[in-house]
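Colleague: Next up is a structure, given as structure tokens.
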């Protein structure tokens with residue numbers, strides 16, 4: 001443990017008629033421990049979110065493009081997809097996926113997601129707040145037919 005044995009130092013005092021009282025150093029360690037625990041818990045809550053909280057799982061977009069970059073970092077991996085519109089202009093989509101540990105457990109790597117420059121069709125839940133070119137990648141299918149699925153089929157996918 002961080003603070004020795006973790007057992008608070010308690011002393012008896014005649015002034016408190018048999019009541020227990022923590023020494024100053026034990027009280028300080030306890031307050032610091034509580035503060036660190038509180039900070040750690042708020043960081044985890046702020047860093048983690050549900051897919052449905054950030055992305056509209058009732059709306060599915062289908063994008064065609066090429067994976068241009070993969071940000072392989074926690075808390076979530078981001079896949080960048082270059083998508084050309086009807087006018088020939090290219091938009092760079094930033095697509096959130098699962099955490100690194102889940103990706104590794106599934107046997108996937110950054111190189112596998114890059115897809116050797118193949119064209120890919122990607123099913124995406126768009127950002128709930130309307131942020132342009134941001135979504136959660138539910139499924140990616142490469143030109144050669146292999147695919148990876150990162151979310152269960154949703155009502156939006158079933159409706160297509």
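Colleague: Identify, by number, the condition in (1) within 12 Å of residue 77 (Cα to Cα); (2) surrounded by 12 or more Cβ atoms within 10 Å (Cβ to Cβ) that residue 121 doesn't meet.
Modeller: (1)
Colleague: Then there is this: Residues in segment 98-105: is at least one within 18 Å of residue 60 (Cβ to Cβ) and modelled with pLDDT under 95?
Modeller: Yes.
Colleague: Of the conditions (1) under 17 Å from residue 55 (Cβ atoms); (2) without any contact (Cβ under 8 Å) to a residue 24 or more places away in the chain; (3) in contact with a strand residue (DSSP E or B) (Cβ under 7 Å, 6 or more places away or on another chain), residue 130 clears all except one; give me its number.
Modeller: Result: residue 130 passes all but (3).
Colleague: Name the residue, out of 134, 95, that is within 22 Å of the chain's Cα centre (by Cα), modelled with pLDDT of 95 or more and closer than 16 Å to residue 66 by Cβ.
Modeller: The unique qualifying residue is 95.
Colleague: All but one of (1) closer than 14 Å to residue 125 by Cα; (2) in contact with a strand residue (DSSP E or B) (Cβ under 6 Å, 6 or more places away or on another chain) hold for residue 52; state the number of the condition that does not hold.
Modeller: Evaluating residue 52 over (1) closer than 14 Å to residue 125 by Cα; (2) in contact with a strand residue (DSSP E or B) (Cβ under 6 Å, 6 or more places away or on another chain) leaves (2) as the failure.
Colleague: Next up: Are any of the residues in segment 82-96 surrounded by 12 or more Cβ atoms within 10 Å (Cβ to Cβ), in a loop (DSSP other than H, G, I, E, B) and out of contact with any helix residue (DSSP H, G or I) (no Cβ under 8 Å at 6 or more places or on another chain)?
Modeller: No, segment 82-96 has no match at all.
Colleague: Scanning segment 107-116 for residues that are free of Cβ contacts under 8 Å to residues at least 40 places away in the same chain and under 17 Å from residue 149 (Cβ atoms), which turns out surrounded by the fewest Cβ atoms within 10 Å (Cβ to Cβ)?
Modeller: Checking each candidate, the answer is 107.
Colleague: Select from segment 55-89 the residues that are modelled with pLDDT under 90 and touching a strand residue (DSSP E or B) at 6+ places or on another chain (Cβ under 7 Å) and list them in ascending order.
Modeller: If the condition is that a residue be modelled with pLDDT under 90 and touching a strand residue (DSSP E or B) at 6+ places or on another chain (Cβ under 7 Å), then 85 is the only one that fits.
The values are calculated or read from the model by the stated rules, or taken from the named source; none is laboratory data. Predicted model, so just to flag it, every value in this text is computed and none were measured. Positions of Cβ are backbone-derived with ideal geometry, glycine not excepted, and every protein chain shown enters the neighbour counts.
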